[in-house]
Every structure is written in structure tokens, then in C-alpha cells.
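The structure appears right after this line, and notes come after that.
The values are calculated or read from the model by the stated rules, or taken from the named source; none is laboratory data. If you're wondering where the values come from, they're calculated on a predicted model, not measured in any experiment. Every residue, glycine as well, gets a Cβ built from its backbone with ideal geometry; the counts of neighbours run over all protein chains shown.
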Amino acid sequence: MQFMLLFSRQGKLRLQKWYVPLSDKEKKKITRELVQTVLARKSKMCSFLEWRDLKIVYKRYASLYFCCAIEDQDNELITLEIIHRYVELLDKYFGSVCELDIIFNFEKAYFILDEFLLGGEVQETSKKNVLKAIEQADLLQEEAETPRSVLEEIGLT
Amino acid sequence: MSDVVERTLGVLPALLGQHEPGAGPGGAGGPHRLSASSRLGSLIRNITALTSKHEEEKLIQQEITSLKAMVSAPTTSLRLMKECMVRLIYCEMLGYESSFGYIHAIKLAQQGNLLEKRVGYLAVSLFLHENHELLLLLVNTVVKDLQSTNLVEVSMALTIVSQIFPREMIPAVLPLIEDKLQHSKEIIRRKAVQALYKFYLIAPNQVQHIHDKFRKALCDRDVGVMAASLHIYLEMIKENSSGYKDLTESFVIILKQVVGGKLPIDFNYHSVPAPWLQIQLLRILGLLGKDDPRTSELMYDVLEESLRRAEINHNITYAILFECVQTIYTIYPKSELLEKAAKCIGKFVLSPQINLKYLGLKALTCVIQQDPNLALEHQMTIIECLDHPDPIIKRETLEILYRITNGHNVVVIVQKMLDYLKETKEEYAIITLAGKIAELAEKYAPNNEWFIQTMNAVFSVGGDVLYPDIPNNFLRLLAEGFDDGKEDKQLRTYAVRSYLALLEEENVFYPQKFLQVMSWVLGEYSSLATDVDPETILTRLHNLLKKTFVTSETKAWIMAAVTKIASRASFSKTVDKLIQEFSSSLDTCMRQHTFELKHLCEDKVLMKGLLPFDASCNDMVVDASLSFLDEFVAEGLGQGAAPYKPHHQRQEEKLSQEKALNFEPYGLSFASSVSSSGIAGRQSPTGLSFGSDTSGNSTEMGHKETNTLKLEGVRKLWGKEGYLPKKESKVGKEDEPQTVSCSSLLARRVAETPVSKSDQVSSLSEEEKEKQQLASTLFVGLGSNANVSLMGKVDLSTQKFKRKSKVDKAQSNEEALNMQNSAASDFGPLVDTVPITKEDCDGDKHTTLRKPSLCSSDTVGETLQSVKKPGLDDKLSDSRLSPLSLFADSNIEILQPSPSSQCENANKTVLLPSLAEELEELPHSEVAELCQSDALALYLCKVWKDDSLLLVVFVSNKNPSALNAVNVVFEKEQHFQILESPACQFPVIEAQSVGHCQKCVRMDKLCTQGVISGFVNYQSEMETHLEFSIPLSLLDFIRPMKMTTEDFGKLWLSLSNDVKQNIKMPSSQDSISAALSVLHQKLKLHIVDIIGNEGILACQLLPSVPCLLHCRTHSGMLALWFRSPCSALPDGLLYQCQKVMEES
């Protein structure tokens, strides 16, 4: 996978993850073009898009569009399911997720994405395992927020 | 409408406020939601409340300013910094510049506690890319975290490494990550594998030595770790499938277990067992089984089971089915499986779900050439999809049609493609589609009119985004023509008429490329349309020149056309007007062209000789040694000019004068030989370093240039600089004033004139019938007997516009002298062509001149001298004053093209394949057999010439009778480029004899190993086709580079790409000189100098990419340090070094 974008129906970017090195200018251009193209498509149309030399796979969940760019020989349908699995993960984590959850907690959404997809490849397909990893980190986070610093603890060991 | 938006937005902040504290049903107790009072929360809320982009900008600028102040304040706590980073990520997502915070993100990752570190790493991964320079600062943090005992820290470090990591720092973390492969926690093992996968992608050589650890990962008891290792295997098998055939069985067993539901239930996805894993495995199996019946045999069972098991009606099963079908069609075919796969494709194609339909079409596209009957089976669906409202479906359908095009259905299919081309706005789609249309038109055009019209449409729609080779090929086709002269003339005349008609329209904009094509054709062939007054054409061109939208490049093309037409008319008012108008033009190029035109017009005889009619395809021989200038040089020397010294010599002299102290590295020895010729001197035709033995070499250079000239053909002649004249014109003046009554078949009208029968029927009958009709036109020739034509590419007989083979015309040395002059074309077209023209006219010394191989430089010089006009002579010496010193002391060798140095030349020798004598002296490989059939055997010998890799292929006829029409064709390969044409033809090879052909190969894209494949076909009793492949390695393209220590030092400092590595020295060679001599012998590296325990070596990748190597020995290790302007070259060489050191 080359990159993943989340944007709203109004065309506002909500999340972006790039797995290929690109300049900021290029990223902006790609984002602008893609958001326009995808938003212009009708709901009955195919979820796949040939765009430049890439395939775009997108799916709309409520007011959010999830959009992935893959190479030509990759499997489009499984990419669609990657999106779906990600939404499932978000849903499980936030508890019936909505766009606002992602807007206000985008860093959490990134953490989940990083546990699921790493460097553009599916890292862990078991829903349980992904969430376990996130919860583990969250747990430490909670402790860190309490006066007793975890850093100290680790620094000593 | 806007009112509604406004109100909605107005409500939003309130909504957000409500939502915040409660945070949804799952929020309680679970993960934290940001508190309503947080800065980020209010920022987001404020932005959402804004109505205009402008206000947003203002707000964000404010925010950024305050962030900037905050992050750089020393009092800011890490906790606050974390908040800042999150806000900064948000700003960046909105598209605002936030690079000032990057360094703080790195700091946060380094100093923060777990919670802050996590955000720091996240910010780094979002802000930076793997080539960002700041990333180096992260390496220490990563190393520290990898060594931490805290699982979360290790896992965070591995996560960042798997996403972005600087390539050159891999050695710093590699051992740590390798250790993690044995970690007790599966999540750590998994991430470590993932990190190694990343390393493999960015620097495969660095992880070469841990392949056995990958195998261990593949056998890991945890499914996640095993699945992660498949990513690496997929990549490695893609590179080299033959090395992993032994793993086929393991993959099959794993897939069997997965399909059989043996995995933990966690990995199920919608009750399908581990679909991601299945797809990955199917893909690997496809790669392994390709063209390999034995390996494919192993997987038939499991593939069948996969097909059978995937039966639930859900996207995920379709995804697996699709992959299965692809694998089945990729591996060695088995009829039962193919049948099932075909049925499966049918399911996709007929599905009402649009996504599945699309994939069905995609699958059809892939398999249609193997199984044309599938196209017939689904023809009605294909027809329906042609008019589908979704352009993506349409495009894929056109792709299918493109692959089944043949001589019978080309008109209809191209029409459909043109329709789409006109609708689409997307540049990429236009480029690819226009290329395909041009290809089909060239291959299958039913008649000339259609061809020209189609190409007109391609040019006018595709315009300036087209690949440049489309117009080039088109022009070449027109220029070279076919074997039938009458046909050629018809085509050209038609083109001329259609362009005139197009230009007649006022206020129509055509793309620049199209205008260039038009002007070239008009310039070359307008006289073929005898009923058109040249004055009319000139007026049209003149009008074009005045248009503002015409670029200056196009103007140069137009001026060239005007010049050519003017040479054929005795007098033209338009030309005079044009000269007057543009000789004071502000555009200097235009002024120059006008000036040239003016002077040519003053001497009509000269002009006619200069611009011959229809001679664009004649071959040229270039005298790269510029021997015809000898006379001139001698004269200059006689008058006391200083002899020419090559650049490096001057440099050296200058240095030795200046030299007092040498502060440059490696400045120990001071070789005075002319050794830097490797870099600069090779092509310079100076006598200094070129003794008599190099003369052959320079001849060869000349030849090579000839060949490239031939190849590039049209483009070279009419380049940016305008027109390099060399035409002859015998077709004099036609002056019948007549208006053009062209059929006015305009590009834009092509759409309205489809030649399909179906359209005529359609108007009277109902929709169904229309489709049936269309189907019959589209799928004509797809029946069982037409299998051959279906394969498209094999169908040579119907190729309408087959390009003439270049070999036929190699012998035309009519223009030999022309060429010699164009070698000196820098001096401007006017001056440099004068001598030939005179020669052409006088013709008294024709015979000596026509055979450049026979005449000595003296005679050429003399001849040139004798035919120069005195006036022009002055001009000549004027303009060549500066080069005077250039050739002062040169003893330039005479042009002596020997037949064997011509790479193209396919000549014959005795039966036993052996190299020609002059090649025998060069380093070369053994003559090895490539492939063999009853009738003939193919042998190969690689000759490592100084400046290229020469492949010599011997075709030996073992038959007692002659073989006819033997064709050796090399296929295009992305890494390599075969100079000249990729084919070699032998009209006949006598019984028991050997033909041989030579090809120069260049490496275009760096790779350590690659293959050029190709085939040979020949006519004995029946046509036979034999395939072969030639393995090539990076080393084939590496040559020693001779240089002095001092040059080395200079070059070293100027190069930026570094690779360092320590390798173990074999015990047999513990001294530096022994080790270096191994590198010298095996890798052809040139040893520049050895000083103590250090040594420096140099080599170059052909044609001229240097790579320098510095070696140092210490305690049994050899420290290698490479530098090169090409970033991948050091890696490749390092790998080779490791290999040879291990072997020795």
C-alpha cells in the first residue's frame, strides 16, 4: 500500500498516512486531486479507481471516506477488507465510532493504524491482538499520568 | 444551499460541545477521550466553526505562531510539548507548514516518558520521510529503546524502524533487531521481522546474510510472525523465484492448514480463516509455479481446495477466489483447474455487484490472450460494459478490447477508444490510451485514410502530453515507408492534404506536437500534392508563425518546413514577406532561421542540393575524428597557433605549476601518464593519447554514432535547434495555382465518421439487435480458427505498417560525405553543409568520396578544399578560429569502417563458432551454448569491450540444407537496453555454417543480476520458434577506471553517496595487496595506489559512472568504503566484494 487517506464528505482531511517518501508538495497535490475525484463519484459506482499508475480503493462509512492507494497487481477486494477491518478496530476501541471520535482523537486512530498496518503491509490481522497491543500501551499511559513516573521505574531497571 | 451549510456549521460547535464530555457509550471506562478544555479540542472546534478558508488560515497562523514560541521556550515541559506536537500534527494535516517542530518531535521521542515518547515517535513518523536529514538524529534514540527492558519501548522503536529509517544507518541497529527475532514475546518477534522486511526493501544487500533467520521466522509457532515473514519471502521470490523452489512444499502445507481451518479462531475474518495469509500464500505460489510444471504439480491440490472452500457470498471470499484464479492462470496450466477458474471468472463478470464485475473484467483482461473463448462467452456482458456509466468499468472493458484487436475489428475498437479518449480529462488515462490507439493503428490499419485520420485524432486530443515516441514513430513510418512505393506516395499525399485542410480552419488550436508533425510532413512531402500551389502552403505556415500560441520550438519546425518548400519553388512572395517580417524579430532563434533562409534563397543551386527531396531516411556516416579538418589544422599550425592539449593535460600542467604543498588526500604519488582518459579522453579525437591502435576505436565511435543517428532518425534531424539540412531536391517547381479541394477529413470529425457497419444497422433496429451487431463486429475473428490472430502480437502477417528493417539499408553510403560534415555541425547549418553541396553539384570526385572507407583523410581534406568557394572559405575559417587549437597536433586516423565493428552487421563465418580476430584480443567469455534444436544451435560469447558489453550470438546451422529467414530477437528488459534494434535477421544461413550477430548492451537500471531473454525463429520445413535467455551480472558492466592518486582524491571529495562495511578477510589473503589483487582480478577494479595498510581502487559502471573504493585492513577485517554519484552502485559492488572475498 502506498498511502491511506481519511477525509470527510466536505473534503476535509481527517487522517493521512504515507508509506512512500514524497515531498509535502506532492502529498498536497495528490490529496487535493484524489479528494476531488472520489467525492465526484456517484454512490453506485465501483469502489476502485485507476489513478495515474495506481489503483485507488475507497469506501464511505457515514460521512467519512477511507481511501487507499495500492499498486496495480495488488488485490483490490482485500484492500477493501483492510479498510473494513480498520473501521471495525476503531469501532471496537471507541465503542461505535463516529467521525468526531476520529477528529478529536486522531492520534489514537494513528496508533491503532500503526498496530494494524506497518510500513504499508498488514501486520496483524487478529482483531484481538491489535487491541491488546493498544490497550497495553494505554495502560502504561494511564500509569504515566499518575504521579509515579514510569520513566523513573524503567530508568532504574 | 449555502444558507443550509451555514446553519449546519453554526450548530456544529454546540454539537461538539455536547459530545465531548460524555464521549459516547464505549468511552466510559475505556480509552480516554480528550477533555473539552484541552487546547486541541478548542482549536478544532474553532476551526469547524469558521466559514471561510481565509479565516481558517488566519486562525492557524495564529496557532502556529504560538506553537513556535512554545516549543522553543526552554521552560516548556515535556508534557506540554506532547500537547504541542498533537496540535502541530493537526496543523500539518490541514496543509500548513510546520517544519519548525520536526526537531522537537525527535527530541520528544528521545527524552519523554512513555506517554510522551509515543506521541514523539508518532509525530516523527508523520512528519519525516525516510530520506529526511533530521532522521539521523533519531538513530540514537532508537538504539537506546531497542535495548530497553520495557516491552512498550522496544515495540515503539521497532514500529518506527519498520516505517522510516535512514538506509545508511541500518548497520547500527541490525544486530539489535536480529536479537529480537529470539524474543519471547511474539509481538516483538513480529515487529522485528517487519523491520527486517523494511530493510530488505530499502537495502537488500544489508540483510543478505540473515536469510536463514527468515526461514526460522517462517517456522515460528506464532501465526503473526510467520505471516510477517511472508512479506519478505514474497519480495525475495519476486526477485528470484528459482532460489526458493524448495520452500514450495512448506508454503503449500501452510496454505492447506489455513484453508482447513487449523489456525486459532482469532485470525478468522467474517468466519473465513486468515484471508490475508491465504492471499499472500497464493501470490507466492503463483510466482513459484510460473513456467515450472514440476513445482506447479505440487500446488494443484491445494488450489482446488481453496476454490472449493471459498463459497460464502462475501467480499472476502471473492478476494480469495480472485487471487486463486490469478494464480491458476499464472502457474503451469492444468486443464481441470483452468476450467474451474474460468467458471469463477464468469461468476465475477456476471455479478450484479459492480466491484465484482470490475474484477471480472480485470481477470478477463489478464487471461484473454490465453483463453480467447472466454471473450466470446462473455461478449454480451462486455458490450454492456462498454456503455457503462462508470468510466472505470468502461476503461477496463476497452483494455480487454485492446487485447483482442485484430485486422477485422480494429476500426470499431479504435472508434470506441477514441470516444473514451475525448471524454476523459485525466492526463494519465489520455497518455496510455493514446499510446494504445497509435499502436493499434500502426499495426492493423485497414487503409491509408483511416490511418491518417486516426492519428490526427490522437494528436489533436492527446496533444502535448503524449509520449514523444508516438509522433516520432509516426514520422519515421511516413519517412521510411513500406516496400511499395506507390502506397507510400498515396499515404504521404493523403497526409499532406488532410493537414492542409486542418490548417485551413481559422481559430483552431492544435497541440504543439501536432503542429510539428504537420509542418514536417508539409515540408517534406507537400510537393506530392501536385495540384496544390506551394504558395498556399507557405501562406498557411506563415499564418501559423504569427500565432501567439505557437511555441518557439514549433516555430523552428515550421521554419524548417518553409525552407524546404522554398527550395522547390523558384520564387515566392510569401517567403520574401516572411524574411522581411522576421529578420528583425525579437526572438533570436527566429532571426537566425530567417537569416539562414535568406542566404539560402540567394543561392538556389546550393539550396536545392542542401535540401534533397525525401532523403530523411538515408543513412549517415559520421567521421568522429573530424579528419576532414586536418588541412585546416595544419594551416593553423603553420601560422603559429599553439597545438591542442586535451582538457586533463591542461589541468595537470596548471596544477603542477601551482603546486607547492598538496593538501589533498591521496596525493602521494604523481603518475604523469595520461591516465584519466577513462573519464575524459575516451572520446576526444586527439592524437595525444591515441596511438595507432586506438584508431580502430575511434572508427568504431564513428560507427556508433551512425547507428544512433539511424535509430533516432527523424528526431535527430529536426531537433530543437531546428533543421540540420541534408536533403536533395530533384522535384522542382510545381506552379499550378489550384485551390485545395481536400476531402477535409478533420481530426475532430473522425468521431462522426465511424466505419462500423453496426452503427448503420443500429438506427433502425432495437437496442438488443444493436448490441448483437456490435458484438459481431467486435469479436470477429475470435472464433476457433482465428486463435492466431487473437494472440495479437504474433499476428505479423496482417500488420499493415510494419517498419522496414534497418539492416536492408545499411549499405547506403551515398550520403557518406554528408555525414562527415554533420559531425562538425556545431558550426551551424549554413557553413557546415556547404562543401558537400558543392561536391554534389560538381560531382567530379564522386567516386572517391562515396567510399569513405577507401579515401584517406588527405584526399577528403583535399576534396573538401577543392570544392570550397573562396567566399565561403573565409567564412569557414572565421567561424572556426576558435577550434583552431583543437586539432593542432593531431595525427587523426582515417575513417576505416571494418564490417565487424558494425554491431548491426550480421555476417557469416565458418561453422565452429569463434570470435572474429579483432574481438578475440579483447577480454571475453567462453563461447557457451544458449539453446539448441534439431536444426540449429545458438551460442553466446560476451565480449567485455572497454566501452560496452558486446553480446556475440552465433547461430549455427546443423542441417545439411540451408535455413531461411532466421530471426534472432531480444526482448525488452527494464534493466538493460540493447543499442540499435533488438533484432537480427539472416535471410539465409547456408548448410553447416554459422551466422553471427553482435549487440551492444547497456545497463539502464542498476541491478546485481538480470536476464535478457529472446527467441530465435527460422524457416526450415515449418516455422520454428526457440527461446533463450542470457544471464547478465553487474560485473559485466564494470570496467576498471584508470586514474592518478590525485585525481582520485579530487573525485572522492566530490562524491556524496557513501557506503561503508567491514568484511572478514579470508585467511589466504591477509595482506592488503593480496586482497586488493583479488578485487582487481575478479571485479575488474583498478588499483590506484596502496599506501601502508590502505588501498584505493576505482572502477566505472558503463558508460561512465565512477565508483571509488577505499580499503583498510585492521585485525583480519577489511574495511570497505565506497563512494559514487549513483546511490545504488556502491551497494551492488559491496555485495560483489563480499561474494568474491568469501569465495577466495
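Going by the conditions given, is A:TYR58 more than 10 Å from every other protein chain (Cβ to nearest Cβ) and closer than 20 Å to B:LYS357 by Cα? Yes; evaluated as a whole, the condition is true for this residue. Only one of the listed residues (B:SER99, B:SER148) is more than 30 Å from B:HIS211 (Cβ to Cβ), within 9 Å of another protein chain (Cβ to nearest Cβ) and surrounded by fewer than 21 Cβ atoms within 10 Å (Cβ to Cβ). That residue is B:SER99.
For the stretch B:158-185, a residue qualifies if it is in contact with a Lys or Arg (Cβ under 8 Å, 6 or more places away or on another chain) and within 14 Å of chain A (Cβ to nearest Cβ), and the qualifying residues are B:LEU158, B:THR159, B:VAL161, B:SER162, B:GLN163, B:PHE165. Among residues of the stretch B:236-266 being in a loop (DSSP other than H, G, I, E, B) and within 14 Å of chain A (Cβ to nearest Cβ), the one that is nearest to the chain's Cα centre (by Cα) is B:LEU263.
The strands (runs of 3 or more DSSP E) located wholly in the stretch B:1031-1144 that include 2 or more residues which are of a type in the set (Gly, Ala, Ser) and under 23 Å from B:ILE170 (Cα atoms) occupy B:1117-1124. If only residues of the stretch B:278-314 that are of a type in the set (A, V, I, L, M) and outside any helix (DSSP H, G or I) are counted, the one that is nearest to the chain's Cα centre (by Cα) is B:ALA310. For the stretch A:77-120, name all the residues that are more than 7 Å from chain B (Cβ to nearest Cβ) and among the hydroxyl-bearing types (Ser, Thr, Tyr). Matches in the stretch A:77-120: A:THR79, A:TYR86. Could you list, in sequence order, all residues of the stretch B:275-307 that are free of Cβ contacts under 8 Å to residues at least 40 places away in the same chain and either of a type in the set (Ser, Thr, Tyr) or touching a Phe, Trp or Tyr at 6+ places or on another chain (Cβ under 6 Å) (or both)? Listed by number, the residues that qualify are B:PRO293, B:SER296, B:TYR300. Would you point out the residue of the stretch B:113-131, among those that are outside any helix (DSSP H, G or I) and facing chain A (nearest Cβ under 8 Å), that is farthest from the chain's Cα centre (by Cα)? Only one residue tops the list, namely B:ASN113. The residue pairs whose first member lies in the stretch B:1055-1074 and is more than 12 Å from B:ARG1112 (Cα to Cα), whose second member is acidic (Asp, Glu) and surrounded by 14 or more Cβ atoms within 10 Å (Cβ to Cβ), and whose beta carbons are closer than 8 Å, counting only pairs six or more residues apart or on different chains, are B:ASP1058/B:GLU168; B:VAL1059/B:GLU168; B:VAL1059/B:ASP1131.
Taken over the stretch B:227-243, the criterion of being out of contact with any Leu (no Cβ under 6 Å at 6 or more places or on another chain) and either among the hydrophobic types (A, V, I, L, M, F, W, C) or crowded, with 19+ Cβ neighbours inside 10 Å (or both) is satisfied by B:ALA228, B:LEU230, B:HIS231, B:ILE232, B:TYR233, B:LEU234, B:MET236. All of B:LYS1042, B:LYS1082 fail the test of being of a type outside the set (Val, Ile, Thr), in contact with a Ser or Thr (Cβ under 7 Å, 6 or more places away or on another chain) and touching a residue at least 12 places away in the same chain (Cβ under 8 Å), apart from B:LYS1042. The test for being in a helix (DSSP H, G or I), at pLDDT 90 or above and closer than 23 Å to A:GLU88 by Cα holds for B:ILE320. In the set (1) over 20 Å from B:ALA935 (Cα atoms); (2) touching a Cys at 6+ places or on another chain (Cβ under 8 Å), the condition left unmet by B:GLU973 is number (2).
Considering the stretch B:423-476, the residues that are hydroxyl-bearing (Ser, Thr, Tyr) and assigned to a helix (DSSP H, G or I) include one that is farthest from B:PRO389 (Cα to Cα), namely B:TYR444. Checked against the criterion of being modelled with pLDDT under 85 and β-branched (Val, Ile, Thr), the candidates B:THR65, B:THR8 yield just one match: B:THR8. Residue count for the stretch B:428-466 under the criterion of being within 14 Å of another protein chain (Cβ to nearest Cβ) and hydroxyl-bearing (Ser, Thr, Tyr): the result is 2. Among residues of the stretch B:562-574 that are under 19 Å from B:GLN516 (Cβ atoms) and at pLDDT 80 or above, those with a beta-carbon under 8 Å from a residue that is assigned to a helix (DSSP H, G or I) and acidic (Asp, Glu) at least six positions away or on a different chain give the pairs B:THR563/B:GLU596; B:LYS564/B:GLU524. Among residues of the stretch B:172-226 being under 21 Å from B:GLY243 (Cβ atoms) and of a type in the set (Gly, Ala, Ser), the one that is surrounded by the fewest Cβ atoms within 10 Å (Cβ to Cβ) is B:ALA203.
Scanning the stretch A:61-76 for residues that are surrounded by fewer than 20 Cβ atoms within 10 Å (Cβ to Cβ) and either facing chain B (nearest Cβ under 9 Å) or under 17 Å from B:ASP390 (Cα atoms) (or both) yields a single hit, A:GLN73. Is at least one residue of the stretch A:30-37 touching a residue at least 40 places away in the same chain (Cβ under 8 Å) and more than 10 Å from chain B (Cβ to nearest Cβ)? Checking the stretch A:30-37: not a single residue is touching a residue at least 40 places away in the same chain (Cβ under 8 Å) and more than 10 Å from chain B (Cβ to nearest Cβ). Just one of the listed residues (B:ALA227, B:ALA217, B:ALA192) is touching a Ser or Thr at 6+ places or on another chain (Cβ under 8 Å), at pLDDT 90 or above and part of a helix (DSSP H, G or I), and it is B:ALA227. Taking the criterion of being closer than 18 Å to B:CYS366 by Cβ and within 14 Å of another protein chain (Cβ to nearest Cβ), the residues of the stretch B:307-336 that qualify are B:TYR318, B:ALA319, B:ILE320, B:LEU321, B:PHE322, B:GLU323, B:CYS324, B:VAL325, B:GLN326, B:THR327, B:TYR329, B:THR330. Name every residue in the stretch A:1-40 that is over 16 Å from the mean Cα position of the chain (by Cα) and hydroxyl-bearing (Ser, Thr, Tyr), in order of residue number. The answer is A:SER23, A:THR37.
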